[in-house]
Each structure stands twice: as C-alpha cells, then as structure tokens.
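**Q** Submitted below is the structure of interest, expressed as structure tokens.
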Amino acid sequence: MPTPSPNPDLRDLPSVDEVLRSETGREIAALSGEKAAADLTRRVLDELRADIAAGTPVGSGKTHFLERVILRMTQEHDAARLAGTRRVINASGVVIHTNLGRAPLSAAAKRAVADVSGYCALEYDVSTGRRGKRGRRAERLIAELTGADDALIVNNCAAAAFFVLTAFASGGEVVISRGELVEIGGDFRVPDVLAQSGATLREVGTTNRTKLADYERAIGASTRVILRVHPSNYRIVGFTAAPTLAELSALSQTRNVLLYEDIGSGALTDLSKLGLKDEPIVRDSIAAGVDVVTFSGDKLLGGPQAGIIAGRFEIIERLRKHPLYRALRVDKTVYAALEATLDSYRREAYDEIPVLRMLSMTKDAIAERAERFVAGSQSPDLSFEIINGHSAIGGGAAPNVQLETRLVAVTHPAMSASKLEFALRTNKMPIITRIVDDRVVIDLRTVDPHDEAELIAGLQRISEQTVSKSV
Ligand SMILES: *Cc1c(COP(=O)(O)O)cnc(C)c1O
C-alpha cells in the first residue's frame, strides 16, 4: 500500500463509476436508487476536491482516497437513513412526548389506520349506497362520551381554538381572565390565537385572582365569547380565585354570550386514580353548562393528533357549515384511529389505551420488568443498575405530578454517558434515553413490552461494536 504523501494528486481521486462499483456504492444504490447514489458520490468527490484546493490535509493515494470517499458516503447515507418520520423506541419515560409523536396509538387504532389506508367508507353510507357524512361515527362517540349534543373533529386543538374563535368572535370581544393568558408547548399562545381569529382580547382580573364580578363588568355590547382556558402546563398556587364554570355559564346565558372552554389535554374519564387530580374532565365541563369545549386527541385522550370540538347542536352545526371547516378537516386515518380509541373508552377498556396504561403502571410493576430486562440483557461490557427515579406525563398535562419509577442505569467502561446515549439514539432502531447523574437511564414505563427485544438487541449491538473496535 502506498504511504499517503503530503501532496495529494487530484488524478488519484476515484471516478464516480469506480465508487458506484464498490460494495458500499452498490448497497447505497440498492437502498436509495442509482441516481441518489451517483449524486451522493459526486457531492462527496466535490467536497474532497474543494478540501484539496483549500490545502486541508486529506492524505493522498488512490486507495486512501477511495476509502475516504466511501467512509464519507456511508456517514451521509446513515444520517439520511436516520432522518424522516420514523419509528423509535421511547425509553425516556416521558409518556406524552411531543417530539416523539405524543400519544402512541392502541393496537386496535393502529390496525384501524392500516385498514382504512386504501379505499374506505369515508363519505359513503354502505347501508344505503349513498353519500354519507364524514367522521359521523367519531363525532357520535365523542358526543356519547362527553354528554355533548354533537362534535366535530379538526386537525389539532390549536386549529379547534382558532376555528371556534373565528366563527363566533371575529370582529367582537372575547373576555378572558389574566391568569389564563398562557403559552402552551412553546408555540400556542392564547393572545396570538385570539388576535389571528380577528377577535379583540378583553382581559379581566389579575394573574392569581379573577372574580365573577370582573367578568360581569367586562361584558359589553361587542362581547361575543367568555373564554376559559385550562392552563395545562402551568399552575398558579396559593392565593387564587376563579368563578366556577356553572357561575360563568349562568352569567353567559343572562348576557347572551357564548361560554367556550379550551380544555387542552381532554381527559374523557376521571384520572385521579392515576394521580392526576386536577385534570378537567370534558363531561364535567359540558354538565356545568359550557356551550362549547375544545381538546386534543393525542394528549391524555391517547389517540391520534386531532382537535375535538364538542358542544351544543347549533354551535357544532354552524362550524360544520363554515367555509374554514373544509381547510381544517382531518384525514380518514385520523377518524379511524380516533374511532378505535373512543371505542375502548366506550367499553371502559382503559388498559387498551397505551397512554392510560403507561400512566397507571406502578413502581413495583416497572421494577419487576426492569429486573427481567436486566437479566435478559447480560453483555460482557455493559453494566446495569436499577435505581429510583421519576417518569413524566409530558404533553403539557399535569406539570405538578411526578410518577415514581424504577430506572435501568446503563454504563459502559469505555464510553461516556453522552457517547452511549448517542450510540443508542443512532442505532438501526433509534433508542431514545435520558441521562441522569452522568448515566444513561432507561425507563421501561414508556417502552412497549413488544419492543423490549429490539431494545436489548440495540444494547448488545453497541457492546459488540465497541469490542470489535478495541481488538
Ligand atoms: C395543548 C393545548 C393546546 C394545543 O393543542 P394541540 O393539539 O397541540 O394543537 C391548546 N390549548 C390548550 C389548553 C392545550 O393544553
């Protein structure tokens, strides 16, 4: 083998064909197509030429250059392979992880999505053979489960809030407590959504205390809506006051304005057994006399991304006929996933819904899984320790609730925690972990038991790679 000399010769660069004929070149072409492989080769060769022109030390010699180009192509191809909306294993312990797709769908919801992906009876009534109403079954299930007259599904809760305010408050005033002018999840800001809808904000009360009389005084000729917002990821504690929904409902009726509540996380059932004591239940809001509510499909409800609007007949009907609805409506797969999820609620089969199942797992049950997991993950150079820790609900719900868990702490004698975290994250099946006290930790609460074998395989692969590199 020629030893790399300090003066690289451009004539030693491989041709595009030569690279494409290599094993790596053929592999990349098989996976991504001939054109993408050729484009990548040209780009990597151009980079190398530019480096040589700039005097960057790049070595020299035919063999060295070919190896260098192939290595660079493998790296780029691997990075591209990891990009995109792909499946990952969530071992972070954050149940409703916004960056990881929020609520994982139930087995039945996943099947339903696959099932309707081809042709399906989206706007077709199979029994009459005539045109049917889009999403009717999901809407009926929402009505049944919340006690509302009717419901409508849009893209997400932000769209739902924007839609309700645009349809009912544009050009008028919306009265809201100062304590509820919140920002949720970084980019949903109540005042911004209000402004965008063409409504004028009328703030009442103070950050910690707002009284019924404050609302009463603020309502005028141009008031259209009293808006109540569940602060979701934010709590004001201590000296606080707010009128009840029933009081606001009575006031809105006498003054002939709409009472709208943006609930956000949307619990369809009482979750206090799971430690979520102050998450509002949609049914309670409807029973208290709220005219219309909005909530997310993929937070505590545990279904697909969707914004659910539930309320009085005439309100929902007006929204259904509004031109904006056409722009905000959802895909058939969303209805399918939502129907399957709501069907589990209807049968009170809460354990079928992953979010509720994960939230209800006890520390003891997780400890048992962790022990079995460690026993099954034995590898020559990874060490495991089971320690106490906390999982998080995430998704902006119940910020003051901490779920106790047992974590599997993983260490490797030759790898720092951040190196190990990176290796797991960039594994063929990306494994998302957390680092606590300088150790990588795995929280099995958010790992589907069916994914455990793949998680163990990922750990073993890292251990093998580091062994083969050190010899
Ligand atoms: C999360 C949340 C939203 C935004 O919901 P998306 O479904 O993410 O659009 C709106 N309002 C409240 C109160 C929320 O908690």
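**Q** Which one, Val88, Gly118, Ala38, is farthest towards the positive end of the dipole of the range 1-134 when Lys and Arg carry +1 and Asp and Glu -1 on their Cβ?
**A** The residue sitting farthest along the positive end of the dipole is Gly118.
**Q** A further question on this structure: Given the convex hull of the Cα atoms of the range 197-316, what is a quarter of its surface area in nm²?
**A** 8.4 nm²
**Q** Also: Less than 15 Å apart at the alpha-carbon level, and either on another chain or at least 8 residues along: which aspartates and glutamates does that give for Lys363?
**A** Leaving aside aspartates and glutamates fewer than 8 places away in the same chain, those within reach of Lys363 are Glu371, Glu404, Asp443.
**Q** Expressed as a whole number of Å, what is the distance separating the alpha-carbon centroids of the range 115-154 and the range 399-435?
**A** 42 Å
**Q** On to the next question. Please sort by residue number the trypsin sites (Lys or Arg not before Pro) in the range 374-471 whose DSSP state is loop and whose Cβ has at most 12 other Cβ atoms within 10 Å.
**A** Here the sparse-neighbourhood loop sites are Lys428.
**Q** Please report the antiparallel percentage of DSSP beta bridges with both residues in the range 242-363, rounded to the nearest 5.
**A** On the way: 5 of 10 bridges.
Given both bridge residues lie in the range 242-363, the antiparallel proportion sits at roughly 50 percent.
**Q** Please identify every one of the chymotrypsin sites (Phe, Trp or Tyr not before Pro) in the range 115-219 that sits in a loop by DSSP and has no more than 13 other beta carbons within 10 Å of its own beta carbon.
**A** Tyr119
**Q** Within 10 Å, count the other beta carbons around each residue, average over each peptide in 383-390, 58-65, and list them highest first. Spell out each step's value before the answer.
**A** On the way: 383-390: 15.0, 58-65: 16.5.
The most tightly packed comes first, giving 58-65, 383-390.
**Q** From the phi of every residue in the range 426-433, what ³J(HN,Hα) in whole Hz does the Karplus formula 6.51 cos²θ - 1.76 cosθ + 1.60 yield, where θ is phi - 60° and glycine or proline is x?
**A** 9, 4, 3, 10, x, 10, 9, 10
**Q** Per residue, what accessible area does the chain have, given a 1.4 Å probe and all protein chains present, in Å²?
**A** Solvent-accessible surface per residue comes out at 49 Å².
**Q** Taking the dipole about the Cα centre of the chain, with the C-beta of Lys and Arg at +1 and of Asp and Glu at -1, give me whichever of Gly389, Ser197, Pro231 is farthest to the positive side.
**A** Ser197
**Q** Could you report the accessible area of Asp149 in Å², rounded to 10, computed with a 1.4 Å probe on the protein chains as they sit in the structure?
**A** Surface accessible to solvent at Asp149 totals approximately 70 Å².
**Q** Can you check how the C-alpha radius of gyration of the chain compares to 2.2 N^0.38 Å, as a plain ratio? Numbers along the way, then the final one.
**A** Numbers: Rg = 27.9 Å, N = 471, 2.2 N^0.38 = 22.8 Å.
Here the answer is 1.22, to two decimals.
**Q** Going by average Cβ neighbours within 10 Å, how do the peptides 221-229, 333-341, 298-306 rank, with the highest at the top?
**A** 298-306, 333-341, 221-229
**Q** Here's another thing I want to ask about it. May I ask for the distance between the Cα centers of the range 62-112 and the range 301-374, given as a whole number of Å?
**A** Result: 25 Å between the Cα centres.
**Q** Could you list, bin by bin from short to long, the percent of Cα-Cα pairs of the range 358-457 in 5 Å steps?
**A** Calculated over all Cα pairs of the range 358-457, the distribution is 2, 12, 23, 26, 21, 11, 4, 1, 0 percent.
**Q** Cross-link candidates for Lys35: which lysines have Cα within less than 28 Å, leaving aside residues fewer than 8 places away along the same chain?
**A** Lys62, Lys428
**Q** Tell me the accessible surface of Ile435 in square angstrom (1.4 angstrom probe, heavy atoms of protein chains only), to the nearest ten.
**A** 80 Å²
**Q** On to the next question. Kindly provide log₁₀ I(q)/I(0) values, in the same order as q = 0.18, 0.24 Å⁻¹, from the Debye equation applied to equal alpha-carbon scatterers of the range 226-286.
**A** -0.75, -1.14
The values are calculated or read from the model by the stated rules, or taken from the named source; none is laboratory data. Just so we're clear, the structure is a prediction, and the values are computed from it rather than from any experiment. Glycine also receives a Cβ, built like all others from the backbone with ideal geometry; neighbour counts cover every protein chain displayed. With ligands, DNA and RNA removed, areas are computed over all heavy atoms of the protein, side chains included. Shrake-Rupley method; radii C 1.70, N 1.55, O 1.52, S 1.80 Å.
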